[in-house]
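The values are calculated or read from the model by the stated rules, or taken from the named source; none is laboratory data. What you see is a predicted model, and the numbers here were worked out from it, not measured in a lab. With ideal geometry, Cβ positions are generated from the backbone for all residues, glycine too; neighbour counts draw on all protein chains shown.
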Amino acid sequence: MGQKLFRYSMASVVAVIVSNLFLLFFVGVLNMGEVLASTLATTIAAIPSYEMNRKWAWGRSGKSHLMKEVVPFWALALVGWAFSTLAVWWMGRYAKSHHFNHGAKTLAVLVVYFAAFGVLWVAKFMIFNSVMFVHHHHDQNADDRDDAPAAA
């Protein structure tokens, strides 16, 4: 359990760095709107996050299972996106109404984006560990029976 938590944490660090760098680039450099910037940053970071969590943190190999792994992962990514996007949208409005300069607005959006994902971090670990990336030995046995030749 400790190794999984450590590896999940490291995959999360990578995802946070990737998403925040893209968010910084989209908002700070391209002056993109917060909602679009958050959407793109979250989507880009979800790709390495999935691969690192599945393969490295939980040691899964082979083809991903669409309904047991891919769909739940993207559903969680969607929840994270919605929560973080709502948070950065709110912060963007707050910064505008309080006349933040561009640098202060960018920093505030980054902090709120980071905090929003921090709130979801523990819940995602529990879901990954108990639902998505669980080794189901009984499922493997059922698959083996399905592949076995029928008894005469």
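The table below gives the values:
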read-out	value
Selection within the stretch 87-105 - touching a helix residue (DSSP H, G or I) at 6+ places or on another chain (Cβ under 6 Å) and not in a helix (DSSP H, G or I)	none
TRP58, sole failed condition from (1) out of contact with any helix residue (DSSP H, G or I) (no Cβ under 6 Å at 6 or more places or on another chain); (2) modelled with pLDDT of 95 or more	(2)
Residue match in the stretch 59-67 (condition: closer than 14 Å to MET132 by Cα, of a type in the set (Lys, Arg), in contact (Cβ under 8 Å) with a residue 40 or more places away in the chain and in contact with a His (Cβ under 9 Å, 6 or more places away or on another chain))	yes
Residues satisfying the stated conditions in the stretch 97-115, i.e. within 25 Å of the chain's Cα centre (by Cα) and either surrounded by fewer than 17 Cβ atoms within 10 Å (Cβ to Cβ) or of a type in the set (A, V, I, L, M) (or both)	LEU107, ALA108, VAL109, LEU110, VAL111, VAL112, PHE114, ALA115
From ALA77, ALA41, residue being at pLDDT 90 or above, part of a helix (DSSP H, G or I) and either closer than 18 Å to GLY118 by Cβ or more than 11 Å from the chain's Cα centre (by Cα) (or both)	ALA41
Within the stretch 49-72, tally of residues that are among the hydroxyl-bearing types (Ser, Thr, Tyr) and assigned to a loop (DSSP other than H, G, I, E, B)	2
Residues of the stretch 31-61 classified as more than 20 Å from ALA87 (Cβ to Cβ) and among the hydrophobic types (A, V, I, L, M, F, W, C), total	5
Breaking point among (1) farther than 19 Å from VAL18 by Cβ; (2) touching a residue at least 24 places away in the same chain (Cβ under 8 Å), for SER97	(2)
Check on ASN20, touching a residue at least 40 places away in the same chain (Cβ under 8 Å), within 23 Å of THR85 (Cα to Cα) and surrounded by fewer than 14 Cβ atoms within 10 Å (Cβ to Cβ)	no
Residue that is of a type outside the set (Phe, Trp, Tyr), in a helix (DSSP H, G or I) and farther than 23 Å from MET91 by Cα, where the choices are VAL14, VAL27	VAL14
Test: TYR94 is more than 12 Å from the chain's Cα centre (by Cα) and modelled with pLDDT under 90	no
The lone exception for PHE100 - which of (1) modelled with pLDDT of 90 or more; (2) touching a Lys or Arg at 6+ places or on another chain (Cβ under 6 Å) it fails	(2)
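Condition check ((1) farther than 29 Å from LYS68 by Cβ; (2) modelled with pLDDT of 80 or more; (3) in a helix (DSSP H, G or I); (4) of a type in the set (Val, Ile, Thr)) across all residues:
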{"site": "PHE83", "(1), (2), (3), (4)": "no, yes, yes, no"}
{"site": "LEU107", "(1), (2), (3), (4)": "yes, yes, yes, no"}
{"site": "VAL111", "(1), (2), (3), (4)": "yes, yes, yes, yes"}
{"site": "LEU120", "(1), (2), (3), (4)": "no, yes, yes, no"}
{"site": "HIS135", "(1), (2), (3), (4)": "no, no, no, no"}
